[in-house]
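Worksheet: one structure, shown below.
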Amino acid sequence: PRGVAKGRPVTASTPLVCIPIAFFLVYAPKIVTSVAMGKQPEGYDNKNPRDQQAKLTGWGKRATAAHANAFESFPAFAIGALVAHVTGARPGLAAALCVAYVIARSIYPVMYIANVDKARSSVWFVGFAASAALMMLPLFS
């Protein structure tokens with residue numbers, strides 16, 4: 001779809017494409033959490049899922065934490081991607097930062113669930129830095 005911003009047409013850009021991808025990545029760890037919940041002796045408790053999630057251990061607990069972390073990370077990225085897109089600040093760099101974020105957030109839950117803690121923290125930092133850079137990009141363009 002096309003719209004108009006500051007008198008010019010708005011078309012899909014890498015930042016705008018990366019936002020829905022990142023949004024769906026928020027829910028990838030939830031699938032793993034749901035599997036862990038289903039493996040519990042009582043099965044998946046749809047009446048009290050948060051209570052059941054709080055009782056998970058091991059990889060199920062880590063999947064739940066990865067899911068929560070994805071919710072924490074997404075808003076800053078989405079805002080940064082939109083700011084970069086709307087201002088037109090260094091489109092090539094903005095695109096690279098958005099792709100770096102999506103790649104980092106694709107790897108992060110896998111590392112979290114697999115309990116690869118130190119490397120996971122490094123991957124988290126890449127995503128954080130990409131989001132922060134996207135928000136600050138217009139200030140330095």
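Key figures for this structure:
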read-out: Some residue of the range 76-96 being outside any helix (DSSP H, G or I), open to solvent by 20 Å² or more (accessible area, probe 1.4 Å) and out of contact with any Lys or Arg (no Cβ under 8 Å at 6 or more places or on another chain); value: yes
read-out: Matching entry among Ala81, Ala54, Ala63 (being modelled with pLDDT of 95 or more and within 20 Å of Arg120 (Cα to Cα)); value: Ala63
read-out: Matching residues, the range 19-31, being open to solvent by less than 40 Å² (accessible area, probe 1.4 Å) and among the β-branched types (Val, Ile, Thr); value: Ile19, Val26
read-out: Residue check, Val99 part of a helix (DSSP H, G or I), open to solvent by 20 Å² or more (accessible area, probe 1.4 Å) and touching a strand residue (DSSP E or B) at 6+ places or on another chain (Cβ under 7 Å); value: no
read-out: Subset tally (residues that are over 22 Å from the mean Cα position of the chain (by Cα) and β-branched (Val, Ile, Thr)) for the range 28-57; value: 1
read-out: Residue selected from the range 1-49 under the condition small (Gly, Ala, Ser) and part of a loop (DSSP other than H, G, I, E, B), by the criterion modelled with the lowest pLDDT; value: Gly7
read-out: Given (1) more than 17 Å from Cys18 (Cβ to Cβ); (2) open to solvent by less than 30 Å² (accessible area, probe 1.4 Å); (3) over 12 Å from the mean Cα position of the chain (by Cα), index of the condition Asn69 fails; value: (3)
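The values are calculated or read from the model by the stated rules, or taken from the named source; none is laboratory data. Worth saying up front: this structure is predicted, and the values here are computed from it rather than measured. Because the Cβ atoms are built from the backbone with ideal geometry, glycine has one as well, and the counts that use them run over all protein chains shown. Only protein heavy atoms, including side chains, enter the accessible area calculation; ligands, DNA and RNA are left aside. Shrake-Rupley method; radii C 1.70, N 1.55, O 1.52, S 1.80 Å.
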